[in-house]
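A.B. asks: Structure incoming, see below.
The values are calculated or read from the model by the stated rules, or taken from the named source; none is laboratory data. Since we're looking at a predicted model, the values are computed, not measured. Glycine also receives a Cβ, built like all others from the backbone with ideal geometry; neighbour counts cover every protein chain displayed. Surface accessibility is based on the protein's heavy atoms, side chains included, excluding ligands, DNA and RNA. Shrake-Rupley method; radii C 1.70, N 1.55, O 1.52, S 1.80 Å.
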Amino acid sequence: MTKIRKVGILGAGMMGAEIGLCFAMAGCKVALKDMSIEVAEKGKSRLAATLEKAIRAGKMDDLQKDAVLGRITPTGRMDPFEQAEMVVEAVFENYEVKKAVWTQADEICPAECIFATNTSSIPITQLGATVKQERRRRFLGTHFFSPASVMKLVEVIPGLETEETVVGQVMEICRRIGKTPIHVKDVPGFVVNRILHAMWIEANRLVEEDVISPEEVDTACKLGLGHPIGPYALMDLTGNELNLQVQEILFHAYGERFLPRPILKQKVHAGHLGRKTSRGWYVYDK
Ligand SMILES: NC(=O)c1ccc[n+]([C@@H]2O[C@H](COP(=O)([O-])OP(=O)(O)OC[C@H]3O[C@@H](n4cnc5c(N)ncnc54)[C@H](O)[C@@H]3O)[C@@H](O)[C@H]2O)c1
């Protein structure tokens, strides 16, 4: 079962399309589903652009690109999921939206199909409860990082009813697609987001206290800590609205230490959301 060949991806947005690419590059056939085939096709065409860059960087040739893309089938329908051995869900971060797609998948997917959600903040156990009792032992979280085709880490998170053998299978599947999985408990923020946001909140305190500017924090973390990208450049990539939303969830779960700083709220109120609005902590060309 760890040698899976057919994968279904729910959601062809930023994460879903890239996760599909990870499986396709490892030789799996991928059904990439979104709300319509047109949206799913857009997701696939972004991957074509990503692979063009890989060709220019000498990491792949045209034949390999065509073979990888040939394994990805965009769809607006659930029928291709009848054959899926694993489904990874990366639709909007909204419980009702996720519940609706998992309910559909539960109806159509084979009994042994593994269900994995890429949620960043909804408890895995709560999402696992959206599928039938018999399926819950095969439901878990696989938290990929953006861009998923580049970042090696996957947090593998069992829910209350996930079978340990399924966790082991999914860890092995992650390794087969070139990732390094870590086994994490189902706690708010999992591991990486707890560490990351603790650091971002402290960075925001430093900026609020006028100790240092955002640009200098980035320099400090790159040159002093060896980070490949500074916290403020990264916040602009992930988006300040999402950053605030995650900190509110962490604050709710853990209290004072994750209280979002006023400076972040101001950025969101001003519409300085990051790269997507061409302005965040930095200003970008449109
Ligand atoms: N963006 C990140 O850095 C990141 C990192 C890790 C995890 N995540 C998680 O991954 C998930 C997706 O995030 P994203 O950034 O790719 O979002 P996104 O908005 O780029 O993509 C979501 C996609 O889901 C599609 N969708 C919505 N409802 C659907 C439905 N009913 N059926 C099929 N498709 C549907 C949308 O059309 C969209 O294409 C979220 O749960 C998010 O929390 C995001």
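A.B. asks: Taking R0 as 25 Å, what FRET efficiency do you get between Lys132 and Glu82 from their Cβ-Cβ distance, rounded to the nearest 0.05?
C.D. replies: Efficiency at R0 = 25 Å is approximately 0.90.
A.B. asks: Among rounded, prolate and oblate, which fits the stretch 49-201 when a ≥ b ≥ c are the square roots of the eigenvalues of its C-alpha gyration tensor, a/c under 1.5 means rounded, and a/b larger than b/c means prolate?
C.D. replies: oblate
A.B. asks: Could you work out the local net charge near Ala17, counting Lys and Arg as +1, Asp and Glu as -1, over the other residues with Cβ closer than 12 Å to its Cβ?
C.D. replies: Details: positive: Lys33, Lys42, Lys44, Arg46; negative: Glu18, Asp34, Glu41.
My count for the surroundings of Ala17 gives +1.
A.B. asks: In the structure shown, do any of Lys44/Lys99; Lys44/Lys286; Lys42/Lys65; Lys152/Lys185; Lys33/Lys152 have a Cα-Cα gap over 22 Å, and if so which?
C.D. replies: Table pairs above 22 Å Cα-Cα are Lys44/Lys99; Lys44/Lys286; Lys33/Lys152.
A.B. asks: Below 21 Å, Cα to Cα, which lysines can Lys265 reach? Residues fewer than 8 away in the same chain don't count.
C.D. replies: Straight-distance partners of Lys265: Lys276.
A.B. asks: So, one more: Given a 1.4 angstrom probe, what's the average accessible area per residue across the chain, in square angstrom? Intermediate values should be presented prior to the final figure.
C.D. replies: Values: 14160 Å² over 286 residues.
Per-residue value: 50 Å².
A.B. asks: Using the 2.2 N^0.38 Å rule of thumb for compact globular proteins, work out how the stretch 192-276 stacks up: its C-alpha Rg over that value, please.
C.D. replies: Against the empirical 2.2 N^0.38 Å value, I get 1.02 for the stretch 192-276.
A.B. asks: Rounded to the nearest 0.05, what FRET efficiency is calculated for Ile182 and Ala57 with R0 set to 35 Å and r the Cβ-Cβ distance? Before the final figure, lay out each step's value.
C.D. replies: On the way: r = 28 Å, r/R0 = 0.80.
Working from the Cβ atoms, E equals 0.80.
A.B. asks: Is any helix in the chain, taking whole DSSP H runs, at least 15 angstrom long along its axis by alpha carbon and on average at least 1.0 on the Kyte-Doolittle scale, and which ones?
C.D. replies: Passing helices, by number: 14-25.
A.B. asks: For the modelled label position 7 Å from the Cα of Ala48 along Cα-to-Cβ, which residues of the stretch 74-115 have backbone nitrogen atoms closer than 14 Å?
C.D. replies: Inside the label zone: 74.
A.B. asks: Taking the chain as a whole, which cysteines find no other cysteine Cβ under 4.7 angstrom from their Cβ?
C.D. replies: Cys22, Cys28, Cys174, Cys221
A.B. asks: For the chain, give me the percentage of DSSP beta bridges that are antiparallel, rounded to the nearest 5 percent. All intermediate terms of the calculation are to be shown ahead of the outcome.
C.D. replies: Working: 7 of 31 bridges.
The answer is about 25 percent antiparallel.
A.B. asks: Using the beta-carbon distance between Tyr254 and Met35 and R0 = 45 Å, what value does 1/(1 + (r/R0)^6) give for FRET efficiency, to the nearest 0.05?
C.D. replies: Values: r = 35 Å, r/R0 = 0.77.
In this case the efficiency is close to 0.85.
A.B. asks: Computing the accessible area with a 1.4 Å probe over protein heavy atoms, can you report the carbon and sulfur percentage for the chain?
C.D. replies: 56 percent
A.B. asks: About the Cα centre, and with charges only on the beta carbon of Lys, Arg (+1) and Asp, Glu (-1), how big is the dipole of the chain? Nearest 20 debye, please.
C.D. replies: On the way: 37 positive and 36 negative charges, 113 e Å.
Its charge dipole is roughly 540 debye.
A.B. asks: So what's Rg/Rh here for the chain, counting alpha carbon atoms and using the Kirkwood radius for Rh?
C.D. replies: 0.98
A.B. asks: How far, in nm, would the chain grow between Leu223 and Asp66 when pulled straight, counting 0.36 nm per residue and subtracting the alpha carbon separation?
C.D. replies: Full-extension gain reported as 52.6 nm.
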